[in-house]
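Quick notes on the structure that follows.
The values are calculated or read from the model by the stated rules, or taken from the named source; none is laboratory data. These numbers were taken from a predicted model, which means no experiment stands behind them. Backbone-built Cβ (ideal geometry, glycine too); neighbour counts: all protein chains shown. Just so you know, the surface numbers come from the protein's heavy atoms only, side chains and all, with ligands and any DNA or RNA stripped out. Shrake-Rupley method; radii C 1.70, N 1.55, O 1.52, S 1.80 Å.
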Amino acid sequence: MASAIGTRAAQHGHSVELLSRNTAKAQALADQIGKGATVGTFGARPAGDIVILAVLYDGVVDAVTNYGDALAGKILVDISNPFNADASGLVTPSSAAQEVAAAAPESAHVVKALNTIFGHVLAKGTPLDAFIAGDSAEAKATVAAFLDSMELRTLDAGGLQAASLLESAGLLLMGLARNGAGFDLALGAEVS
Ligand SMILES: NC(=O)c1ccc[n+]([C@@H]2O[C@H](COP(=O)([O-])OP(=O)(O)OC[C@H]3O[C@@H](n4cnc5c(N)ncnc54)[C@H](OP(=O)(O)O)[C@@H]3O)[C@@H](O)[C@H]2O)c1
(Lines give C-alpha, C1' and ligand atoms only; values in the text may rest on other atoms or scores of the structure.)
Protein backbone atom coordinates (compact mmCIF):
# COMPACT_ATOMS: atom_id res chain seq x y z
CA MET A 1 0.00 0.00 0.00
CA ALA A 2 2.91 2.36 0.70
CA SER A 3 4.10 1.71 -2.84
CA ALA A 4 0.67 2.17 -4.44
CA ILE A 5 -0.23 5.29 -2.43
CA GLY A 6 3.24 6.82 -2.63
CA THR A 7 3.47 6.29 -6.38
CA ARG A 8 0.02 7.68 -7.03
CA ALA A 9 0.68 10.69 -4.77
CA ALA A 10 4.03 11.45 -6.44
CA GLN A 11 2.50 11.12 -9.90
CA HIS A 12 -0.04 13.76 -8.92
CA GLY A 13 2.59 16.22 -7.75
CA HIS A 14 2.71 15.56 -3.99
CA SER A 15 5.95 15.37 -2.00
CA VAL A 16 6.44 11.86 -0.64
CA GLU A 17 8.60 10.98 2.36
CA LEU A 18 8.95 7.31 3.30
CA LEU A 19 9.50 6.27 6.90
CA SER A 20 10.31 2.67 7.77
CA ARG A 21 12.10 0.73 10.48
CA ASN A 22 14.03 -0.74 7.53
CA THR A 23 15.81 2.21 5.91
CA ALA A 24 17.12 0.14 3.00
CA LYS A 25 13.58 -0.92 2.08
CA ALA A 26 12.38 2.66 2.35
CA GLN A 27 15.23 3.84 0.10
CA ALA A 28 14.43 1.14 -2.47
CA LEU A 29 10.81 2.25 -2.52
CA ALA A 30 11.82 5.92 -2.77
CA ASP A 31 14.03 5.04 -5.75
CA GLN A 32 11.16 3.10 -7.34
CA ILE A 33 8.71 5.98 -6.82
CA GLY A 34 11.19 8.59 -8.04
CA LYS A 35 9.88 12.14 -8.55
CA GLY A 36 11.95 13.40 -5.60
CA ALA A 37 10.60 10.91 -3.03
CA THR A 38 12.77 11.00 0.09
CA VAL A 39 13.48 8.79 3.11
CA GLY A 40 12.96 10.17 6.60
CA THR A 41 14.31 9.01 9.92
CA PHE A 42 12.12 6.36 11.52
CA GLY A 43 10.62 7.76 14.71
CA ALA A 44 11.39 11.39 13.83
CA ARG A 45 8.70 13.95 13.05
CA PRO A 46 7.40 13.35 9.50
CA ALA A 47 7.71 16.28 7.11
CA GLY A 48 4.19 16.22 5.69
CA ASP A 49 0.88 17.30 7.19
CA ILE A 50 -0.70 13.98 6.20
CA VAL A 51 0.86 10.79 7.54
CA ILE A 52 -0.36 7.57 5.93
CA LEU A 53 -0.04 4.63 8.34
CA ALA A 54 0.68 1.94 5.75
CA VAL A 55 1.37 -0.81 8.25
CA LEU A 56 -0.47 -3.99 9.18
CA TYR A 57 -3.15 -3.73 11.86
CA ASP A 58 -0.96 -5.79 14.21
CA GLY A 59 1.72 -3.08 14.08
CA VAL A 60 -0.23 0.13 13.66
CA VAL A 61 -0.82 1.03 17.33
CA ASP A 62 2.76 0.03 18.08
CA ALA A 63 4.06 2.28 15.28
CA VAL A 64 1.98 5.26 16.41
CA THR A 65 3.06 4.73 20.02
CA ASN A 66 6.72 4.62 18.94
CA TYR A 67 6.41 7.97 17.18
CA GLY A 68 4.59 9.50 20.16
CA ASP A 69 4.73 13.30 20.21
CA ALA A 70 6.49 13.34 16.83
CA LEU A 71 2.96 12.98 15.43
CA ALA A 72 1.50 15.94 17.35
CA GLY A 73 -0.78 18.02 15.13
CA LYS A 74 -0.53 15.60 12.19
CA ILE A 75 -3.39 14.10 10.22
CA LEU A 76 -3.01 10.33 10.58
CA VAL A 77 -4.64 8.26 7.85
CA ASP A 78 -5.39 4.77 9.11
CA ILE A 79 -5.74 2.41 6.15
CA SER A 80 -5.62 -0.85 8.10
CA ASN A 81 -8.05 -3.73 7.92
CA PRO A 82 -8.16 -5.54 11.26
CA PHE A 83 -8.91 -8.91 9.67
CA ASN A 84 -8.61 -12.25 11.44
CA ALA A 85 -6.18 -14.87 10.11
CA ASP A 86 -8.33 -16.02 7.19
CA ALA A 87 -9.88 -12.58 6.55
CA SER A 88 -13.36 -13.87 7.37
CA GLY A 89 -14.00 -11.49 10.28
CA LEU A 90 -12.69 -8.51 12.23
CA VAL A 91 -10.60 -8.89 15.36
CA THR A 92 -11.60 -5.70 17.16
CA PRO A 93 -15.03 -4.89 18.62
CA SER A 94 -14.31 -1.18 18.14
CA SER A 95 -12.20 -0.22 15.11
CA ALA A 96 -8.54 -0.01 14.24
CA ALA A 97 -8.96 3.73 13.62
CA GLN A 98 -10.38 4.36 17.10
CA GLU A 99 -7.52 2.34 18.62
CA VAL A 100 -5.05 4.46 16.64
CA ALA A 101 -6.78 7.63 17.86
CA ALA A 102 -6.49 6.45 21.47
CA ALA A 103 -2.74 5.86 21.01
CA ALA A 104 -2.04 9.09 19.07
CA PRO A 105 -1.19 12.49 20.58
CA GLU A 106 -4.34 14.44 21.47
CA SER A 107 -3.59 17.11 18.86
CA ALA A 108 -3.41 14.55 16.03
CA HIS A 109 -6.49 13.86 13.91
CA VAL A 110 -7.23 10.36 12.68
CA VAL A 111 -9.01 9.79 9.38
CA LYS A 112 -9.97 6.32 8.16
CA ALA A 113 -9.44 5.99 4.42
CA LEU A 114 -8.21 3.74 1.61
CA ASN A 115 -8.89 0.47 3.47
CA THR A 116 -11.68 -0.36 1.00
CA ILE A 117 -9.39 -0.29 -2.06
CA PHE A 118 -7.06 -3.13 -3.03
CA GLY A 119 -3.47 -1.94 -3.41
CA HIS A 120 -3.06 -3.43 -6.89
CA VAL A 121 -6.28 -1.70 -8.00
CA LEU A 122 -5.07 1.62 -6.57
CA ALA A 123 -1.80 1.11 -8.44
CA LYS A 124 -3.60 1.02 -11.80
CA GLY A 125 -4.12 4.78 -11.46
CA THR A 126 -7.74 4.74 -12.63
CA PRO A 127 -10.40 6.91 -10.92
CA LEU A 128 -11.95 5.21 -7.87
CA ASP A 129 -14.29 5.94 -4.98
CA ALA A 130 -12.66 6.38 -1.58
CA PHE A 131 -14.72 6.18 1.61
CA ILE A 132 -13.47 8.15 4.61
CA ALA A 133 -14.49 8.69 8.24
CA GLY A 134 -13.17 10.93 11.00
CA ASP A 135 -14.14 13.35 13.74
CA SER A 136 -12.31 16.44 12.46
CA ALA A 137 -14.08 18.18 9.58
CA GLU A 138 -10.88 20.12 8.83
CA ALA A 139 -8.73 16.99 8.71
CA LYS A 140 -11.27 15.22 6.51
CA ALA A 141 -11.34 18.21 4.15
CA THR A 142 -7.54 18.07 3.88
CA VAL A 143 -7.57 14.32 3.23
CA ALA A 144 -10.44 14.70 0.75
CA ALA A 145 -8.49 17.34 -1.20
CA PHE A 146 -5.46 15.04 -1.23
CA LEU A 147 -7.48 12.02 -2.40
CA ASP A 148 -9.48 14.00 -4.96
CA SER A 149 -6.20 15.32 -6.41
CA MET A 150 -5.29 11.70 -7.13
CA GLU A 151 -8.61 10.97 -8.86
CA LEU A 152 -9.99 9.23 -5.80
CA ARG A 153 -13.53 10.55 -5.30
CA THR A 154 -14.07 11.02 -1.57
CA LEU A 155 -17.31 9.91 0.04
CA ASP A 156 -17.60 10.81 3.74
CA ALA A 157 -19.21 8.14 5.96
CA GLY A 158 -19.26 10.31 9.10
CA GLY A 159 -17.37 10.48 12.40
CA LEU A 160 -14.63 8.14 13.52
CA GLN A 161 -17.22 5.72 14.93
CA ALA A 162 -18.09 5.04 11.26
CA ALA A 163 -14.56 3.64 10.77
CA SER A 164 -15.96 0.27 11.91
CA LEU A 165 -18.36 0.42 8.95
CA LEU A 166 -15.44 1.03 6.59
CA GLU A 167 -13.53 -1.84 8.16
CA SER A 168 -16.57 -4.07 7.62
CA ALA A 169 -16.62 -2.77 4.04
CA GLY A 170 -13.01 -3.98 3.75
CA LEU A 171 -14.31 -7.40 4.75
CA LEU A 172 -17.12 -7.08 2.21
CA LEU A 173 -14.59 -6.25 -0.51
CA MET A 174 -12.61 -9.37 0.37
CA GLY A 175 -15.72 -11.57 0.45
CA LEU A 176 -16.98 -10.32 -2.90
CA ALA A 177 -13.54 -10.78 -4.45
CA ARG A 178 -13.26 -14.36 -3.20
CA ASN A 179 -16.78 -15.41 -4.11
CA GLY A 180 -17.03 -14.63 -7.77
CA ALA A 181 -16.22 -10.98 -8.40
CA GLY A 182 -12.46 -11.50 -8.49
CA PHE A 183 -9.69 -9.30 -7.14
CA ASP A 184 -9.86 -6.59 -9.80
CA LEU A 185 -12.88 -5.34 -7.90
CA ALA A 186 -13.39 -1.83 -6.50
CA LEU A 187 -16.22 -0.68 -4.24
CA GLY A 188 -18.08 2.48 -5.18
CA ALA A 189 -21.31 4.39 -4.88
CA GLU A 190 -23.73 5.84 -7.42
CA VAL A 191 -24.37 9.49 -6.66
CA SER A 192 -27.01 11.21 -8.73
N1 LIG B 1 -2.77 -4.86 0.36
C2 LIG B 1 -3.97 -4.34 0.12
O3 LIG B 1 -4.55 -4.51 -0.97
C4 LIG B 1 -4.64 -3.51 1.17
C5 LIG B 1 -5.85 -2.88 0.86
C6 LIG B 1 -6.45 -2.05 1.80
C7 LIG B 1 -5.86 -1.88 3.06
N8 LIG B 1 -4.71 -2.53 3.33
C9 LIG B 1 -4.10 -2.32 4.65
O10 LIG B 1 -2.92 -1.58 4.43
C11 LIG B 1 -1.95 -1.90 5.44
C12 LIG B 1 -0.64 -2.26 4.75
O13 LIG B 1 -0.89 -3.43 3.99
P14 LIG B 1 0.18 -3.94 2.93
O15 LIG B 1 -0.53 -4.95 2.10
O16 LIG B 1 0.87 -2.80 2.30
O17 LIG B 1 1.19 -4.70 3.91
P18 LIG B 1 2.76 -5.05 3.73
O19 LIG B 1 3.12 -5.05 2.30
O20 LIG B 1 2.98 -6.28 4.55
O21 LIG B 1 3.47 -3.83 4.41
C22 LIG B 1 3.32 -3.64 5.77
C23 LIG B 1 4.40 -2.71 6.23
O24 LIG B 1 4.18 -2.45 7.63
C25 LIG B 1 5.43 -2.40 8.27
N26 LIG B 1 5.23 -2.64 9.70
C27 LIG B 1 4.59 -3.67 10.27
N28 LIG B 1 4.62 -3.54 11.62
C29 LIG B 1 5.28 -2.39 11.87
C30 LIG B 1 5.63 -1.70 13.07
N31 LIG B 1 5.30 -2.18 14.27
N32 LIG B 1 6.33 -0.55 12.95
C33 LIG B 1 6.66 -0.08 11.74
N34 LIG B 1 6.35 -0.67 10.58
C35 LIG B 1 5.67 -1.82 10.65
C36 LIG B 1 6.24 -3.44 7.56
O37 LIG B 1 7.57 -3.14 7.75
P38 LIG B 1 8.76 -4.23 7.61
O39 LIG B 1 9.00 -4.35 6.14
O40 LIG B 1 9.87 -3.60 8.36
O41 LIG B 1 8.25 -5.51 8.23
C42 LIG B 1 5.82 -3.27 6.11
O43 LIG B 1 6.60 -2.31 5.47
C44 LIG B 1 -2.56 -3.04 6.27
O45 LIG B 1 -3.06 -2.52 7.46
C46 LIG B 1 -3.69 -3.58 5.39
O47 LIG B 1 -4.76 -4.09 6.15
C48 LIG B 1 -4.08 -3.34 2.43
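Observations on the model:
- Å² of accessible area per residue within segment 42-98, as computed with a 1.4 Å probe and no ligands counted: 46
- Eigenvalues of the alpha-carbon gyration tensor of segment 139-192, scaled by 5 and square-rooted, set the equivalent ellipsoid semi-axes at 23, 15, 10 angstrom, largest first.
- Between Glu138 and Thr41, the distance separating the two model label sites (each 7 Å from Cα on the Cα→Cβ line) works out to 2.8 nm.
- Per the Cα gyration tensor, the chain maps to an equivalent ellipsoid with semi-axes of 23, 20, 17 Å, ordered largest to smallest.
- Across the cross-link table entries Lys74/Lys112; Lys74/Lys124; Lys35/Lys112, which are compared at the Cα atoms, the separations over 25 Å belong to Lys74/Lys124; Lys35/Lys112.
- Atom-type composition of the exposed protein surface of the chain places 52 percent of the accessible area on carbon and sulfur (1.4 angstrom probe).
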